[in-house]
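Everything below concerns the one structure shown next.
The values are calculated or read from the model by the stated rules, or taken from the named source; none is laboratory data. The shown structure was predicted, so the numbers you read here are calculated from the model rather than taken from an experiment. As a convention, Cβ positions derive from the backbone with ideal geometry for all residues, glycine included, and neighbour counts pool all protein chains shown. The area values use the complete protein model at the heavy-atom level, side chains included, leaving out ligands, DNA and RNA. Shrake-Rupley method; radii C 1.70, N 1.55, O 1.52, S 1.80 Å.
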Amino acid sequence: MEKHSKLAGRTVMITGASGGLGAHFAELCAGAGAAVVLGARRLDRLENLAAAIRDRGGRALAVPLDVAEEASVTAAFDAAEAQFGPVDSVIANAGIERSGRATEISVEDFDAVYAVNVRGAFLVAREAARRLRAAGRTEDGRIVMISSITAEICVPGLMPYSVSKAAVSHMTRMLAREWARRGPNVNALAPGYMPSDLNAEWFASEAGRQQLDLFPRRRLADFTMLDEPLLFLLSNASAQVTGSVIKLDDGQTL
Ligand SMILES: NC(=O)c1ccc[n+]([C@@H]2O[C@H](COP(=O)([O-])OP(=O)(O)OC[C@H]3O[C@@H](n4cnc5c(N)ncnc54)[C@H](OP(=O)(O)O)[C@@H]3O)[C@@H](O)[C@H]2O)c1
C-alpha cells in the first residue's frame with residue numbers, strides 16, 4: 001500500500017481516528033509508510049479501518065482510547081508499544097464541539113469540551129514525550145496538535161470550543177518551548193471548516209449556509225488540504241520546526 005515513504009520507520013498514534021479527519025489521517029500516514037495506532041472510543045469503527053489498512057499491506061492497530069482519561073491514554077500507549085515499539089509521533093486530533101450562547105451553555109458541556117480538546121491533547125502529548133525520553137528517541141519525536149481557525153476568530157455560539165482551540169494553539173507553543181532542547185517537536189495545524197460530523201448539523205442550517213456564503217470561495221475545504229503540511233510536520237524534514245501553528249483555511253478568514 002505504500003504510495004510513498006515519507007514516514008517509513010515511524011509509528012504514528014492518531015487520536016479520534018474513528019471518523020472524520022482522524023480516519024483520513026490514519027489512511028494518509030499508513031500510505032506514507034508509517035505503522036499507525038488508531039485510538040478513539042468507538043472501537044468497532046477503528047477495527048474496521050485498521051483491517052482495511054492491513055488488507056492494503058499497511059500496518060495498523062486499533063486501541064480503545066478516551067483521551068480525557070489518563071489511565072486510558074497510558075493503556076493505549078502500552079498497547080501500541082507492545083505491537084510496534086515506542087510511538088514516535090502523535091496526531092492529537094480527538095475533539096468535540098458543544099455549541100450554544102455563552103448565557104445558555106451548561107457547565108457540563110463547557111467542561112466536556114475542555115476535557116477532550118485541552119486535557120486530552122495534553123495527556124497524549126505528555127505520554128508520548130515521557131516515553132520518547134525514556135527510550136532516548138526524542139529527536140525523532142513529533143507531536144501535531146489539531147487546532148482551528150476558530151482559535152483566532154469570533155463566531156457567536158462557539159465560545160467553549162473556540163477558546164479550547166486557542167488553548168491548544170498556545171499549548172503547542174508552550175510545550176515546544178519546554179521541550180525545545182530535548183524534544184519532541186510540537187506543532188499544530190489550524191484548519192478552516194471542512195465537512196464532518198462535527199459541523200454537519202450547522203452547515204445544514206440556514207445560519208450555517210449564510211456563514212458559508214461569506215467565505216471568499218463560498219465552500220468548505222477538503223481534508224486533503226492538510227495532507228502535505230501534516231506529512232511534513234511528521235517527517236524528518238521538519239527537524240527544525242517546532243512551536244508553529246499553521247493556518248490552512250482555503251482563505252475562509254480573509
Ligand atoms: N471539521 C472541521 O471543520 C474542523 C476544522 C478545524 C479543526 N477541526 C478539528 O479536527 C479534529 C477532528 O474533527 P472532525 O471534524 O474529524 O470531527 P468528528 O468527525 O466529529 O471526529 C471527532 C473524533 O474525535 C473522537 N473523540 C471524541 N471524543 C473523544 C475522546 N474522549 N477520546 C478519544 N477520541 C474522542 C471521535 O471518536 P469517538 O467518538 O469514537 O471517541 C471522532 O473520531 C477536532 O479536534 C476538531 O476540532 C475540525
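Data table
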read-out: Qualifying residue in the stretch 74-88 (condition: among the aromatic types (Phe, Trp, Tyr), over 15 Å from VAL144 (Cα atoms) and out of contact with any Asp or Glu (no Cβ under 9 Å at 6 or more places or on another chain)); value: yes
read-out: Hey, GLU97 open to solvent by 40 Å² or more (accessible area, probe 1.4 Å) and not in a helix (DSSP H, G or I) or not; value: yes
read-out: Test: residue in the stretch 197-207 that is of a type in the set (A, V, I, L, M) and either within 16 Å of VAL90 (Cα to Cα) or modelled with pLDDT of 95 or more (or both); value: no
read-out: Residues of the stretch 76-120 satisfying the condition of being more than 11 Å from the ligand (Cβ to nearest atom), closer than 21 Å to GLY208 by Cα and of a type in the set (A, V, I, L, M); value: ALA102, ILE105
read-out: Among the candidates ILE149, ILE153, residue that is out of contact with any Cys (no Cβ under 6 Å at 6 or more places or on another chain), open to solvent by less than 30 Å² (accessible area, probe 1.4 Å) and not hydroxyl-bearing (Ser, Thr, Tyr); value: ILE149
read-out: Test: residue in the stretch 1-14 that is within 24 Å of ASP197 (Cβ to Cβ), open to solvent by 10 Å² or more (accessible area, probe 1.4 Å), under 17 Å from the mean Cα position of the chain (by Cα) and of a type outside the set (D, E, K, R); value: no
read-out: Near pairs, Cβ below 6 angstrom, 6+ apart or cross-chain, from the stretch 62-81 (hydrophobic (A, V, I, L, M, F, W, C)) to any residue that is open to solvent by 50 Å² or more (accessible area, probe 1.4 Å); value: ALA62/GLU47; ALA68/ARG119
read-out: Filtered residues of the stretch 150-195 (kept if over 14 Å from the mean Cα position of the chain (by Cα) and among the β-branched types (Val, Ile, Thr)); value: THR150, ILE153, VAL155, VAL163
read-out: Given (1) buried (at least 20 other Cβ atoms within 10 Å of the Cβ); (2) assigned to a loop (DSSP other than H, G, I, E, B); (3) not hydroxyl-bearing (Ser, Thr, Tyr), index of the condition ILE91 fails; value: (2)
read-out: So ALA35, is it modelled with pLDDT of 95 or more, within 11 Å of the ligand (Cβ to nearest atom) and surrounded by 20 or more Cβ atoms within 10 Å (Cβ to Cβ); value: no
read-out: Any hit, the stretch 11-20, residues being near the ligand (Cβ under 10 Å from one of its atoms), touching a Cys at 6+ places or on another chain (Cβ under 8 Å) and part of a strand (DSSP E or B); value: yes
